[in-house]
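Written out below as structure tokens is the structure these notes cover.
The values are calculated or read from the model by the stated rules, or taken from the named source; none is laboratory data. No experiment lies behind these values; they were computed from the predicted model shown. For neighbour counting, all protein chains shown are included, and Cβ atoms are generated from backbone atoms with ideal geometry for every residue, glycine included. Quick note on the areas: whole protein, heavy atoms, side chains included, nothing else; ligands and nucleic acids left out. Shrake-Rupley method; radii C 1.70, N 1.55, O 1.52, S 1.80 Å.
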Amino acid sequence: MAARENVSLLFKLYCLLVMTLVAAAYTVALRYTRTVTTEMYFSTTAVCVTEVIKLSVSVVILGKETGSVSRLINSLKENVLESPMEMMKLAIPSLVYALQNNMAFLALSNLDAAVYQVTYQLKIPCTALCTVLMLNRTLSKLQWLSVFILCGGVTLVQYGPAETTKVQIEQNHLLGFAAVAVAVLCSGFAGVYFEKVLKSSDTSLWVRNIQMYISGIIVTLAGVFLSEREGVMEKGFFYGYNYLVWFVVFLASVGGLYTSVVVKYTDNIMKGFSAAAAIVISTIASVLLFGLQITLTFLIGALLVCASIYTYGLPRKDTTKVEIQHSSNSNEKLINV
């Protein structure tokens, strides 16, 4: 029993570390590529490439899970070619996630990474509302209190937002906050919807990912065609790509894959600490890279956001057994990945 507990603790620390580093690095790197670099790449193509990478990785992991190429082919045939209704079901979060990812590019083109990180935490009350409405769950009084604290913190962050001194393009803060608002709504709905689909059957996580990413590729390619067709035809699909852009794509891919693992196996405490730590890291990085000037209202707002994330993630008494039941299996599944 002690060994299992130790493994479970190591698994949670591992998840916490990966999620924190990926979230913070992705936000800062994406912000850098959209404001400091000279040749501006097409954000829609980056989102599309991310979907392709996630699909490829999911196929490889499913192949390892099934144990042979023939079983992998049979699984893909059964769950993709012969399951049009399941594919349609996963097309919904694909469309919403694609919109969310494009809004992240737009937001980080107009907001500092630290401001974005803090404001984006409005996804917590949005997710809470979607959870209550879509999954028929209830929230504790402490969790609802944390939602109001979060809203107050975000209000302070937006009141006289911090400014940068090393950004080379003009920014529209109103457009940036509007993009965050859309991303928040997308995150809340798509996350809860995917959780509902994922936990309503015994279908493999990686099969569900493949179903979603195939739809995601179709959706994002349509986005490229509709919004960037002329530019892509003239300059090329990978125009403006450099090692930093590829790094952003890599982080987005890892973050997307890890999100699906977190939705299925982990708890709110880990996600809360991860989000709070990512805010701190992004703020420090923004001070160093972009000359971010921290105001008192921003600092107070960020602290309130971190506190609300922590209190919202505190589990209720009836969640302990669920976590113990799944911790061992989740550890084995992630290590095998």
Revision key, fill the gap. Scanning segment 68-90 for residues that are small (Gly, Ala, Ser) and at pLDDT 90 or above, the one nearest to residue 210 (Cα to Cα) turns out to be 75
Review point. Just a yes or no: is a residue in segment 230-251 modelled with pLDDT under 75, open to solvent by less than 30 Å² (accessible area, probe 1.4 Å) and among the β-branched types (Val, Ile, Thr)?
Key: no
Check your understanding: Do we have residue 31 as within 30 Å of residue 171 (Cβ to Cβ), among the basic types (Lys, Arg), touching a helix residue (DSSP H, G or I) at 6+ places or on another chain (Cβ under 6 Å) and modelled with pLDDT under 85 here?
Key -> yes
Exercise for review: Kindly check whether there is at least one residue in segment 39-50 that is under 19 Å from residue 232 (Cβ atoms), modelled with pLDDT under 95 and over 25 Å from the mean Cα position of the chain (by Cα).
Suggested key: yes
**Study point:** Given (1) open to solvent by 10 Å² or more (accessible area, probe 1.4 Å); (2) at pLDDT below 80, number of the condition residue 178 does not satisfy
**Key:** (2)
Exercise for review: Could you please let me know if residue 43 is open to solvent by less than 40 Å² (accessible area, probe 1.4 Å), of a type in the set (S, T, N, Q) and within 18 Å of residue 224 (Cβ to Cβ)?
Suggested key: yes
Check your understanding: Limited to segment 212-260, what total is found for residues that are within 25 Å of residue 84 (Cβ to Cβ) and part of a loop (DSSP other than H, G, I, E, B)?
Key -> 0
Review point. Residues that are open to solvent by less than 60 Å² (accessible area, probe 1.4 Å) and closer than 20 Å to residue 175 by Cα: which helices (runs of 4 or more DSSP H) entirely in segment 47-162 hold 3 or more of them?
Key: 84-108, 113-119, 141-158
